[in-house]
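To start, the structure under review is shown below, and the notes come after it.
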Amino acid sequence: MRFGNRLVEKVFVPVVCGLLLFSGARAHAAADALALFNPRPTNMEAMGYDGDIVFSLASALETHSHIQLMPRREMEDKLYQEGMVQGDNPELVTAAGRALGVSYVLFGKVTKTGSEISAELKMMRIQSGRIVRTWSRTFAGRDDLLSQMPRYASEIADIVSSGGAVPATASGVAAGTVSETAGPIDRLQARAEEGRVRIFWEVLPGSPPVREIQVFRSPSEEGPFQLLGPAAENRFMDEQVMPGRTYYYRLVVVQEDGAQVRVPRTVKVRYAGERQAAAPLIL
């Protein structure tokens with residue numbers, strides 16, 4: 001019997017300790033868990049974009065190994081069992097977050113007006129019921145929206161890592177918000193060349209440090225504008241053009257502190273195509 005008791009002690013005790021440590025590790029990991037609620041569409045045109053936002057954010061957050069994102073199916077099942085729904089009411093979000101056992105919930109709303117998509121996302125720390133960060137942004141279209149989500153995912157991951165603290169910005173403008181002023185850009189121009197369109201501008205001296213300048217293009221002045229890519233210095237070459245087409249270009253300046261400034265001016269250029277050879281003379 002003593003041999004049997006020793007065997008039980010050698011096998012059972014380590015297993016129990018291991019289970020306790022494992023459960024403790026899970027509890028610790030869950031302490032910083034994040035749940036993503038679908039932003040509430042405010043009109044019929046915005047329906048579907050809520051799913052785009054959540055899917056793209058979740059995909060980007062998967063690259064941050066220290067973030068524990070609550071599985072979608074588990075979150076929906078738990079809310080259903082508790083008789084709760086996703087929404088953008090802060091009080092209901094707090095109650096739902098506590099029922100889910102997470103520390104953070106991202107929620108908000110999305111609106112589509114014409115070709116533009118406006119999203120307001122808020123991140124709440126459930127323990128205090130406090131909104132720790134709000135992002136308000138208008139996107140030129142679906143491609144613009146999807147291209148920007150990884151940046152917001154990085155900011156969300158930073159907030160979770162810092163325990164809900166939000167880094168202050170030098171300019172006082174929260175990163176992710178967009179203002180529409182002339183900003184540091186002057187003399188924005190576009191010129192058709194053989195096989196491409198050259199967009200160029202000047203950066204005003206004394207302007208805040210610029211992280212990058214994004215170039216957008218649309219076939220109409222009203223949009224939607226699609227992101228072409230970041231520019232190098234004060235110029236950009238658009239080589240994806242077709243003869244006879246008219247293109248409109250806009251710029252968005254991303255400053256070092258994350259603030260984004262949309263240059264209000266739009267430049268127009270008609271790309272006539274490559275120069276045609278002269279017709280032969282009839283002799």
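Read phi for every residue in segment 130-135 and hand back ³J(HN,Hα) as whole Hz from Karplus 6.51 cos²θ - 1.76 cosθ + 1.60, θ = phi - 60°, with x for Gly and Pro.
9, 6, 8, 6, 10, 10
For the residue pair GLN189 and PHE55, what label-to-label distance in nm results when each label sits 7 Å from Cα along the Cα-to-beta-carbon direction?
Those two pseudo-labels are separated by 4.3 nm.
State the extension gain, in nm to one decimal, for the chain segment bounded by VAL210 and GLU256, taking 0.36 nm per residue of separation less the distance between their alpha-carbons.
16.0 nm
Say each of ASP77 and ARG265 gets a label point 7 Å from the Cα, pointing the same way as Cα to Cβ; how far apart are those two points in nm?
Each label point is offset 7 Å from its Cα along the Cβ direction, giving 5.8 nm.
In what order, largest first, do MET124, MET84, MET44 sit by accessible area if the probe radius is 1.4 Å?
MET44, MET84, MET124
Give me the orientation-averaged projected area of the Cα convex hull of segment 189-278, in nm², one decimal.
One quarter of the hull surface, i.e. the mean projection, equals 6.3 nm².
Tell me, what HN-Hα J-couplings in whole Hz come from the Karplus equation 6.51 cos²θ - 1.76 cosθ + 1.60 at θ = phi - 60° for each residue of segment 148-160, using x for Gly and Pro?
Going residue by residue, I get 8, 4, x, 5, 5, 4, 5, 5, 4, 4, 5, 5, 4 Hz, with x marking Gly and Pro.
Taking amide hydrogens as modeled 1.01 Å from N in the peptide plane, which residues meet the under 5 Å criterion relative to ARG40, leaving out close sequence neighbours?
GLY108, LYS109, VAL110
Select from segment 66-135 those GluC sites (Glu not before Pro) which occupy a DSSP coil region and have at most 15 other Cβ atoms within 10 Å, ordered by residue number.
Filter output for segment 66-135: GLU82.
Would you pull out the residues with amide H under 5 Å of GLU193's amide H, same chain only if 5 or more places away, H placed 1.01 Å from N?
ARG198
Nearest 0.05, what FRET efficiency do ASN43 and HIS66 give at R0 = 35 Å with Cβ-Cβ as r?
0.45
Below 9 angstrom from the Cβ of ALA192, what's the summed charge of the other residues (Lys, Arg +1; Asp, Glu -1)?
Values: positive: ARG191, ARG196, ARG198, ARG270; negative: GLU193, GLU194.
Net charge in that neighbourhood comes out at +2.
For segment 109-126, in order, what is each residue's ³J(HN,Hα) by Karplus, 6.51 cos²θ - 1.76 cosθ + 1.60 with θ = phi - 60°, in whole Hz (x at glycine and Pro)?
Coupling constants for segment 109-126: 8, 9, 9, 10, 10, x, 9, 9, 10, 10, 10, 10, 10, 10, 10, 10, 8, 5 Hz.
The values are calculated or read from the model by the stated rules, or taken from the named source; none is laboratory data. Note that the coordinates shown come from a computational prediction; the quantities given were computed from them, not determined experimentally. Cβ: placed from backbone, ideal geometry, glycine included. Neighbour counts: every protein chain shown. Just the protein is used for accessible areas: all its heavy atoms, side chains included, with ligands, DNA and RNA removed. Shrake-Rupley method; radii C 1.70, N 1.55, O 1.52, S 1.80 Å.
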